1. Return the pair list, or none, for Cβ contacts closer than 9 Å from residues in segment 376-387 that are of a type in the set (S, T, N, Q) to residues that are modelled with pLDDT under 95, at least 6 apart or on different chains.
2. Would you mind telling me which numbered condition in (1) open to solvent by 40 Å² or more (accessible area, probe 1.4 Å); (2) closer than 22 Å to Ser381 by Cβ; (3) of a type in the set (A, V, I, L, M) Ile208 fails?
3. So which residues in segment 216-244 are open to solvent by 20 Å² or more (accessible area, probe 1.4 Å) and closer than 26 Å to Gly340 by Cβ?
4. In segment 159-174, which residue that is touching a residue at least 40 places away in the same chain (Cβ under 8 Å) and within 20 Å of Ala148 (Cα to Cα) is farthest from the chain's Cα centre (by Cα)?
5. Can you name every residue in segment 259-278 that is in contact with a helix residue (DSSP H, G or I) (Cβ under 9 Å, 6 or more places away or on another chain), without any contact (Cβ under 8 Å) to a residue 24 or more places away in the chain and small (Gly, Ala, Ser)?
6. Return a yes/no flag: does segment 397-412 have any residue that is in contact with an Asp or Glu (Cβ under 6 Å, 6 or more places away or on another chain) and either closer than 21 Å to Met47 by Cβ or touching a residue at least 24 places away in the same chain (Cβ under 8 Å) (or both).
7. Just checking, does segment 141-155 include any residue being of a type in the set (Phe, Trp, Tyr) and touching an Asp or Glu at 6+ places or on another chain (Cβ under 6 Å)?
8. What's the number of the only condition in (1) outside any helix (DSSP H, G or I); (2) within 30 Å of Glu56 (Cβ to Cβ); (3) without any contact (Cβ under 8 Å) to a residue 60 or more places away in the chain that Val432 fails to meet?
Amino acid sequence: MELVFSTICLMFLYCMMVFFLLKLFSKMRSQSCYIVAYECYKAPDDMKLDTETCGELILRNKNLGIEQYKFLLQAMVKAGIGEETYGPRNVIMGTEESPNLTDALSEIDDIVFGTLDNLFAKTGVSPSEIDVLVVTISMITSAPSIPARIINRYKMRGDIKVFNLSGMGCSASVIAVDLVNHIFQTYKNSYAVVVSSESLSPNWYRGIERSMMLPNILFRLGGCSLLLTNKSSLKHQAILKLNHSVRTHVGSNDEAFGSCTRIEDEQGNCGFFLTKSLPKAAAKAVAMNLRVLVPKMLPLRELIRYSIVSYWRNKSKTSTPESGLNLKSGIEHFCIHPGGRAVIDGMGRSLGLNENDLEPTRMALHRFGNTSAAGLWYVLSYMEAKKRLKKGDRILMISLGAGFKCNNCVWQVMKNLEDANVWEDCIAKYPVKCTANTSFLEKYSWINESSN
């Protein structure tokens with residue numbers, strides 16, 4: 001009997017040893033994905049949508065009446081958007097009712113070429129060294145494509161691997177990073193560039209549907225460019241290393257699929273339609289994603305603790321504040337998509353985050369608005385400007401997008417980061433105590449006193 005028991009123990013130890021050796025071998029063979037640098041776009045001051053400019057924009061829309069004015073006033077005050085966000089040039093100039101392709105491409109060129117010029121200058125990497133190019137700009141189509149415009153301007157190599165991701169929405173940059181990570185497993189010693197932005201010029205809504213008016217309040221001009229590599233020789237120059245990436249799509253559910261769509265209203269005005277089922281779709285997508293990601297990013301002791309607490313909670317039918325997962329046991333910073341105040345509040349409650357955790361996202365929304373797929377990088381830049389990011393820290397990026405998608409990833413900080421980037425001229429003013437835009441209420445309070 002003792003011999004049988006000893007044999008079983010030896011076989012178990014042998015299997016465990018083989019398992020860990022295979023795991024180590026697999027890890028050694030996999031190519032790490034590093035971010036060398038990133039650049040966010042900052043528009044010139046004459047493109048700011050302050051109270052005065054927004055008021056003129058709303059009042060010149062002849063489709064709107066006093067009820068729409070009241071709705072917009074209430075929404076603007078509560079949106080968490082500040083006075084210094086940026087809008088498209090045609091909206092600032094008052095030609096939003098007749099958008100054209102020239103304006104749209106000019107807007108994209110400013111963002112894309114501006115961030116790429118800075119990125120190449122900062123890193124010293126030549127455009128001819130880039131092996132992979134991924135562009136994520138959802139709502140514009142041109143021929144030649146946006147990636148082709150980039151290749152032409154920077155005279156990139158003929159064998160560059162090009163990917164043009166369209167319609168991916170606010171979670172597109174994380175999708176692009178995940179794509180690059182998979183490409184890196186095949187192509188060794190490579191550089192990749194990811195460019196993320198959104199085209200606002202031809203997509204400014206001019207109708208009266210309330211659910212379609214909200215994106216005008218939230219979405220603002222912005223973009224970013226990332227330089228990634230899997231070259232081990234550049235490990236010590238990198239700022240971030242990708243630890244985990246998980247993508248979740250709940251588009252098979254009709255309610256989730258239709259929760260955020262680009263449609264035409266009854267008058268033929270095109271815009272984004274946000275339904276009341278959006279929070280439900282987002283919650284479902286986030287829960288499904290974290291179910292896969294959490295075991296990868298949290299320490300074993302926290303997973304065991306949660307399992308034991310959950311067992312006794314179910315058995316006793318009681319719940320305590322300690323019964324949930326403690327995400328902070330494996331994550332130091334939370335980089336949440338700045339989609340709007342309601343999105344940030346909801347994510348904070350569901351993940352058990354405090355105001356210090358949510359501060360970077362709230363401030364990015366206040367200063368730059370919802371810049372779609374680029375929004376996460378404005379949040380990250382805030383953390384860096386505030387000197388929060390220290391070597392070894394882990395960052396959870398959470399992104400949501402139409403479809404409906406939740407795409408999350410975990411980064412490890414490779415060295416202390418202190419670059420102020422686009423926050424350089426204003427970081428001293430942040431955080432602001434109140435993100436409500438009271439200047440709108442002060443200037444346009446007469447709207448609430450008016451009748452039809």
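The values are calculated or read from the model by the stated rules, or taken from the named source; none is laboratory data. These figures come from a predicted structure and were not determined experimentally. Note: ideal-geometry Cβ built from the backbone for every residue, glycine included; neighbour counts use all protein chains shown. The accessibility values were calculated without ligands, DNA or RNA, using every heavy atom of the protein model including side chains. Shrake-Rupley method; radii C 1.70, N 1.55, O 1.52, S 1.80 Å.
1. Ser381/Asp419; Ser381/Ala420; Ser381/Asn421
2. The one condition Ile208 does not meet is (2).
3. If the condition is that a residue be open to solvent by 20 Å² or more (accessible area, probe 1.4 Å) and closer than 26 Å to Gly340 by Cβ, then Asn216, Leu218, Phe219 are the ones that fit.
4. Here the residue is Gly167.
5. Within segment 259-278, Ser277 is the sole residue that qualifies.
6. Of all residues in segment 397-412, those in contact with an Asp or Glu (Cβ under 6 Å, 6 or more places away or on another chain) come to none.
Taking every residue of segment 397-412 in turn, none turns out to be in contact with an Asp or Glu (Cβ under 6 Å, 6 or more places away or on another chain) and either closer than 21 Å to Met47 by Cβ or touching a residue at least 24 places away in the same chain (Cβ under 8 Å) (or both).
7. So the first thing to find is which residues in segment 141-155 are of a type in the set (Phe, Trp, Tyr), and the list is 154.
Within this subset, residues satisfying the condition of being touching an Asp or Glu at 6+ places or on another chain (Cβ under 6 Å) are none.
For segment 141-155, residues of a type in the set (Phe, Trp, Tyr) and touching an Asp or Glu at 6+ places or on another chain (Cβ under 6 Å): absent.
8. In the conditions (1) outside any helix (DSSP H, G or I); (2) within 30 Å of Glu56 (Cβ to Cβ); (3) without any contact (Cβ under 8 Å) to a residue 60 or more places away in the chain, Val432 misses (3) alone.
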